[in-house]
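Notes follow once the structure below has been shown.
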């Protein structure tokens, strides 16, 4: 186990180097070795006069700095890939690792201090009371509930689910075009009108098989009313609509063209 060495405010040589780098505000990846070495040696000379027995680690780092300083003056060595080797690389890696652990230790210390303000109280409830569970009274739980009421509740829940369904969008599917021959439909209505003379709108709609045929039938009735071929009456509100056909009226009015437009 290593001996904790503290020189003034510095714990070990890496701490001193890190202080000098931050003090001079230099890039840790591009350390000016000459300047940092000179300042480091000043601290060493001052500390040797106090306690030389704790200076071994600092002296080793001083020797390392001097070695790096000398290597910086010589031509750079080249690695296998042809790139220059920076003599400061190993020291920079050690400084970065030390800096990380230093700030982690400060964070842990802050957490320790904050946790020191927390108090914990163990549970003081007797075991007999902690294990106690009140008995279940099934008659009170069920009350006046019976199968009929449960069935009504079930139906109400089902109804709520049905009410959530969009009556329009839920039936969306493939949209298919209803093919309706307009001319054939008009001929059918004209034949029906000549045969019955007087008839109700409900009777006329009874011959329509699809929604599209109902729409076309309604449009034809409106056009026949417009040219005077149909007379429409309704005695009371919501009564059936009575239609009377007039032979020969509006035959040359171009009903087909009017509906197509």
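The values are calculated or read from the model by the stated rules, or taken from the named source; none is laboratory data. Just so it is clear, the model here is predicted, and its values are computed rather than measured. We place every Cβ from the backbone using ideal geometry, glycine too, and count neighbours over all the protein chains shown.
Per-residue answers, yes or no, for (1) at positive phi; (2) at pLDDT 80 or above; (3) part of a loop (DSSP other than H, G, I, E, B); (4) out of contact with any helix residue (DSSP H, G or I) (no Cβ under 8 Å at 6 or more places or on another chain):
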residue	(1), (2), (3), (4)
41	no, yes, no, no
45	no, no, no, yes
50	no, no, yes, yes
60	no, no, no, no
66	no, yes, no, no
70	no, yes, no, yes
80	no, no, yes, yes
94	no, yes, no, no
98	no, yes, no, no
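Yes or no: residue 99 within 29 Å of residue 19 (Cα to Cα), in contact (Cβ under 8 Å) with a residue 40 or more places away in the chain, in the same structural domain as residue 14 (by TED's automatic domain parsing) and surrounded by 10 or more Cβ atoms within 10 Å (Cβ to Cβ)?
Against the criterion (within 29 Å of residue 19 (Cα to Cα), in contact (Cβ under 8 Å) with a residue 40 or more places away in the chain, in the same structural domain as residue 14 (by TED's automatic domain parsing) and surrounded by 10 or more Cβ atoms within 10 Å (Cβ to Cβ)), residue 99 qualifies.
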Notebook entry, point to check: Just wondering, is there one or more residues in the range 154-161 that are at pLDDT below 75, out of contact with any strand residue (DSSP E or B) (no Cβ under 6 Å at 6 or more places or on another chain) and not assigned by TED's automatic domain parsing to the domain that holds residue 20?
Noted result: yes
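Here is a yes/no grid of residues against (1) outside the structural domain of residue 20 (by TED's automatic domain parsing); (2) touching a residue at least 60 places away in the same chain (Cβ under 8 Å); (3) not in a helix (DSSP H, G or I):
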position	(1), (2), (3)
87	no, no, yes
125	yes, no, yes
129	yes, no, no
134	yes, no, yes
149	yes, no, no
Note to self: Condition check: assigned to a helix (DSSP H, G or I), assigned by TED's automatic domain parsing to the domain that holds residue 91 and modelled with pLDDT under 80. Does residue 15 satisfy that?
What the structure shows: no
Margin query: Suppose we filter the range 201-223 for residues that are surrounded by 14 or more Cβ atoms within 10 Å (Cβ to Cβ) and part of a loop (DSSP other than H, G, I, E, B); how many remain?
Written below: 1
